Amino acid sequence: MKFYILLFILVVSTKTILSQEADHILTLTLQGNTLQETAQIKEIAALRKSYNSFINLKEGFESIGKDLNTIGYVDHTKKLAQKNDSLYIATISLGILYDKITLQVPQDLQLRKILSKSILNIKNDSVLVETAFAKAHLKNLSIIAANSGIPFSEFKIINIQKNKANKLAGKLLFTPQQKRTVNKLIINDYNSIRNSFLKHKAGFRKNEVFSRDQLIAQSNLLASLPFVTENKKPEVLFTTDSTNVFFYISKKNANSFDGLLSFNNGENNRLKLNGYLDLSLVNNFNYGESIFVQYRADGNDQSQLSATINLPYIFNAPIGFETGLNIFRKDSTFSNTSTVLTILYENLRNSTFSASTKYTESDNLISEDNNDTIANFTKNSFSLGYNFKNIQTSNLFPVKSYVEIKTGYGKRKSQKKSISQYHIELIASHIFNLNDRNHLFLENQTSYLRSSNYLINELYTLGGINSIRGFRQNSIFANWYTTFKSEYRLLLNSNLFINTILDVNYFENKTSNTNSILTAIGFGSGINTKAGLLKISFANGKFGKDKFQFTNTTIAITIKTAF
């Protein structure tokens, strides 16, 4: 019985004490010599108003002095007084503001090299900084030191003195630490990734000087690979005699499929294949290889088959190889077959240089032999190219910037004549991320073929979602053109967006001595589903000064499924 009575008394006493402590909240109020000074002090000091104990309140009071010293009020005075049981008043006099401090820089080559990478300028063996930003400058110097391979180095200001010009003077103290080089790279989960991607894509080198910023950049480059997922940011283990870097990446499926195919009977009861197919097979053998197949057929006018194989980093060198085949048939007019062999230099992370040779053979399917605009020909050409791709972390818009440029020389042989030709082709796009929800996409496509005369079956073709929207696929021929494509994209949530469409094109066709301005307007939408990224767009195109006609509206629906 006595035990229960004592237990009851203990519970009641504890509850009473806790209630009293909860009710006894201490308040600290700041006060200056004038109303203006009081407002200034409150703006400077990041101070809580309420405290649950006098010890915490005293710590808050002392922190005011540290904040004022940081700004430059080194002559300030402060006094703490108790008004009543729960209210304390801190009376502060700011004094003179020492807004500048001159830091003497020792004759230390390592320190001066770090300073040269900052915004501070050494003049007469000293640097002049604003007192309020001195602490931020020290932090920035520590970051520069860490990126120079000497993390944990310390920067301090010592021997601070005042002068008559209301300025401060001090000495910059630099305490360097051991220089660090990366001794080992450890990959967690995706251990079978090729070393060539770590070396040439991410730029990792064993025994290179450790740099925090470079480490983050390398991790981002690895994460930009279509078959890699970054599980978490890299970590570094520093020991007495080694520096080990840990990357946390895993393999993801990068294959994709988009297509709709159908069969019907054509002329003479021959089976025809209609529709489209986009197939992408990436890194299925852990080599980083990619295979792309694209097929287009509308059942009547034309069909096109393209296939490309890319093998990166052959023999673990920054050299890649790519080969491609393209077959294009325009109804009963002509048929083109092209093969391309390309050597790639891929040692510049986001950039690739290329040299390629292309052979094209075209067959005139028209029976008329006196046709001057369509003829049998063969063409050999050589091109140099450059490609740049910048990836961003977005499921809907992964490519932030893209540039591809090719220029070259070739010879066309037709009707026992040989003609020299030059060409240049450009694709450049960029996404301006205005904020989290609003994005502006801009793209330019320009191609130019220079020749003394032209054949229709060697010209560039325009029309379709990959060139200018609102026009039938490959329905327009040009020896040179430029297209500006734009989209304003509004992100409704992380998996859904809507967009406007505005495309403008100018083209010339020397075979028919025609030129025109094409304009297309429209709208679209995209949504990430379990099946993949579903996109739908409506676009209406017109020639020159023609009016927009509803009957010219084209609808494009695609769904890209990963597997």
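Against the chain, whose longest principal axis is taken from its Cα atoms, helix 2-23 shows a tilt of about 80°.
Take every Cα pair under 8 Å whose residues are at least 6 apart in sequence, average their separation, divide by the length of region 19-93, and the relative contact order is 40 percent. Under the criterion of Cα pairs below 8 Å and six or more residues apart, the relative contact order for the chain equals 6 percent. With neighbours defined as other Cβ atoms within 10 Å of a residue's Cβ, the residues LEU215, LEU281 order from fewest to most as LEU281, LEU215.
Relative to the longest principal axis of the Cα atoms of the chain, the long axis of helix 134-147 lies at roughly 50 degrees.
Mind scanning LYS117/LYS400; LYS117/LYS179; LYS413/LYS510 and naming the pairs with a C-alpha gap bigger than 27 Å?
Details: LYS117/LYS400 29 Å; LYS117/LYS179 17 Å; LYS413/LYS510 19 Å.
Too far apart for the 27 Å limit: LYS117/LYS400.
Axis of helix 54-71 versus longest Cα principal axis of the chain: the two differ by about 60°, to the nearest ten degrees. Across region 298-400, what fraction of all alpha-carbon pairs, as a whole percent, falls in each successive 10 Å bin from zero upward? Per 10 Å bin, starting at 0, the Cα pair percentages come out as 13, 30, 28, 20, 9, 1. Rg and Dmax, both from the Cα atoms of region 256-562 and both in Å, are 20.3, 61. Run through all the Cα pairs of region 184-251 and give the fraction in each 10 Å bin from 0, expressed as whole percent. Result returned by the calculation: 20, 61, 18, 1. Taking 0.36 nm per residue of sequence separation and subtracting the Cα-Cα distance, how much length would be gained by fully extending the chain between ASP108 and LYS58, in nm to one decimal? That pair, ASP108 and LYS58, stretches by 13.9 nm at full extension. Could you give log10 I(q)/I(0) at q = 0.10, 0.11, 0.12 Å⁻¹ for the chain, computed by the Debye formula over C-alpha point scatterers of equal weight, without solvent? Normalising to I(0) and taking log10 leaves -1.02, -1.12, -1.22. Average 1/r across all pairs of distinct alpha carbons in region 464-558, invert it, and you get the Kirkwood radius: 14.3 Å. Region 150-166 and region 519-563 have Cα centres lying 63 Å from one another. Taking the centroid of alpha carbons for each part, region 106-142 and region 439-512 are 52 Å apart. With θ taken as phi - 60° and the Karplus curve 6.51 cos²θ - 1.76 cosθ + 1.60 applied, the whole-hertz 3J(HN,Hα) list for region 382-390 is 10, 9, 10, x, 9, 9, 10, 9, 10 Hz, x standing for glycine and proline. Taking a sphere under 15 Å around the Cβ of LYS139 and counting the other residues whose Cβ falls inside, with K and R at +1 and D and E at -1, yields a net charge of +1. Extension gain for the segment PHE523 to ASP546, taken as residue separation times 0.36 nm less the Cα-Cα distance, is 6.3 nm to one decimal. Equivalent ellipsoid of region 116-241: semi-axes from √(5λ) of the C-alpha gyration tensor, largest first, are 40, 15, 12 Å.
Note on HIS76, HIS200: ascending count of other Cβ atoms within 10 Å places them as HIS76, HIS200, the fewest first.
Calculated mean residue ellipticity, 222 nm, the chain: -5000 deg cm²/dmol, from DSSP H runs (n ≥ 4) at -39500 (n - 2.57) each, averaged per residue and rounded to 500. Using the Karplus relation 6.51 cos²θ - 1.76 cosθ + 1.60 with θ = phi - 60°, the per-residue 3J(HN,Hα) values for region 99-116 come to 7, 10, 9, 9, 9, 6, 9, x, 7, 10, 4, 5, 5, 5, 5, 5, 4, 5 Hz, with x marking Gly and Pro.
Of LYS379/LYS416; LYS233/LYS389; LYS184/LYS233, which pairs sit farther than 19 Å apart, going by alpha carbon to alpha carbon? Violating the 19 Å limit, Cα to Cα: LYS233/LYS389. Based on every Cα atom in region 87-128, Rg and the maximum pairwise Cα distance Dmax equal 17.5, 54 Å. The mean sequence distance of close C-alpha pairs (under 8 Å, at least 6 residues apart), as a share of the length of region 305-435, puts its relative contact order at 15 percent.
Laboratory data are not the source of any read-out in this text; all were calculated from the coordinates shown. Model, not experiment: these values are computed from the prediction. Here Cβ is always computed from backbone atoms with ideal geometry, including for glycine, and neighbour counts include all displayed protein chains.
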